[in-house]
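Below is one structure, written out as structure tokens; comments come after it.
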Amino acid sequence: MSSKPSVLFLCTGNSCRSQMAEGWARHLRGQDFVAYSAGIEKHGLNPRAVMAMQEAGVDISGHQSQLLSELGVAFDLVVTVCSHARESCPNFTGKTKVIHVGFDDPPFLSKDARDDEEALPHYRRVRDEIRAFVTALSLDS
């Protein structure tokens, strides 16, 4: 068991935003806390999220979409990254703090894109917003 705090990034399908957040947290803040991601449902890992993160030098291709119930971890902090996860977030007892930081949904924003070139700008913007959030995340507040 790690003595570092544990942080969960929770999203609807654990396919994009929560995966990006976990990737950034492990890459940028691994010395500060142990990062996890999960979903209310499983939607599989979004390949465009993998591409956008790879462009930034973070490999999340080995991540898997998973449910909260599959983790078996007591979290110090849970961050819901979409409205549906916020509304569906289970109650956590004890010391667990829950916060909501909503990020736009790149798959929804790019649903009419004809190809990766049209879709990826949405993923890049959200990727960079998540990076800024993870960089500034304080476990003390």
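Among the residues making up the stretch 39-49, those that are in contact with a helix residue (DSSP H, G or I) (Cβ under 8 Å, 6 or more places away or on another chain) and modelled with pLDDT of 95 or more are L45, N46, R48, A49.
K95 passes every criterion in (1) assigned to a loop (DSSP other than H, G, I, E, B); (2) more than 18 Å from S37 (Cα to Cα); (3) at pLDDT 95 or above apart from (3). Screening E87 against (1) surrounded by 19 or more Cβ atoms within 10 Å (Cβ to Cβ); (2) more than 15 Å from V134 (Cβ to Cβ) leaves a single unmet condition, (1). Only residues that are under 25 Å from F108 (Cα atoms) and touching a Ser or Thr at 6+ places or on another chain (Cβ under 6 Å) were counted across the stretch 1-38, and they come to 9. Within the stretch 9-37, the set of residues being at pLDDT 95 or above, among the aliphatic types (A, V, I, L, M) and within 10 Å of the chain's Cα centre (by Cα) comprises M20, A21, A25, A35. Within the stretch 100-114, can one find any residue that is exposed (fewer than 14 other Cβ atoms within 10 Å of the Cβ), of a type outside the set (F, W, Y) and not in a loop (DSSP other than H, G, I, E, B)? Checking the stretch 100-114: not a single residue is exposed (fewer than 14 other Cβ atoms within 10 Å of the Cβ), of a type outside the set (F, W, Y) and not in a loop (DSSP other than H, G, I, E, B). Among the numbered conditions (1) touching a Cys at 6+ places or on another chain (Cβ under 9 Å); (2) farther than 18 Å from L120 by Cα; (3) aliphatic (A, V, I, L, M), the only one that A49 does not meet is (2).
Of all residues in the stretch 73-92, those that are in contact with a Cys (Cβ under 6 Å, 6 or more places away or on another chain), modelled with pLDDT under 90 and not in a loop (DSSP other than H, G, I, E, B) total 1. Looking across the stretch 60-97 at every residue that is touching a residue at least 24 places away in the same chain (Cβ under 8 Å) and among the acidic types (D, E), the one that is nearest to R26 (Cα to Cα) is identified as D76.
The values are calculated or read from the model by the stated rules, or taken from the named source; none is laboratory data. Here the structure is a predicted model, which means the values were calculated and not measured. Because the Cβ atoms are built from the backbone with ideal geometry, glycine has one as well, and the counts that use them run over all protein chains shown.
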